[in-house]
Amino acid sequence: MAVDRSWVGHSWYNEAKYLTEEYKSGVDNFIKFAIYNLQEEDNGLIRCPCKECKNRYYKNPSTVKVDLYRHGIMQWYTRWDCHGEKDMSRDEVGTSSVNTN
């Protein structure tokens, strides 16, 4: 599931102090991605990557959305490994270095 992350590093408020459409759309796509990758043991909760929670706390998706609107997302969090995204380069390296003899 390819997701645009360009919104992560941008300011989430415009000049009038309203959330930008780009940021709101990015948050919506992030929430969809996180829900899509939920594990059964997560009980419907996802980690909150806002600047306050820093992926330390599990919350319901609607609360995470509010936190992301209120506090913003951690700007360095562009590979969503805490939300099910795999590191493809590591997977590729791991499979190519296996000895088949």
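So which of Lys51/Lys86; Lys24/Lys51; Lys65/Lys86 end up more than 19 Å apart, counting from Cα to Cα? Result: Lys51/Lys86; Lys65/Lys86 exceed 19 Å. Note that region 59-67 has calculated 3J(HN,Hα) couplings of 9, 6, x, 5, 5, 4, 4, 4, 4 Hz, one per residue in order, obtained from phi through the Karplus relation 6.51 cos²θ - 1.76 cosθ + 1.60 (θ = phi - 60°); glycine and proline are x.
Under the classification rounded if a/c is under 1.5, otherwise prolate if a/b is larger than b/c and oblate if not, where does region 24-83 fall, given a ≥ b ≥ c as square roots of the Cα gyration tensor eigenvalues? Rounded shape, in that the Cα axes give a/c under 1.5. Near Leu45, once Lys and Arg are set to +1 and Asp and Glu to -1 for all other residues with Cβ below 14 Å from its Cβ, the sum equals 0.
Each value in this text was obtained by applying a stated rule to the coordinates, not by laboratory testing. Computed from a predicted structure; not experimentally measured. Using ideal geometry, Cβ is built from the backbone for each residue, glycine included, and neighbour counts are taken over all protein chains shown.
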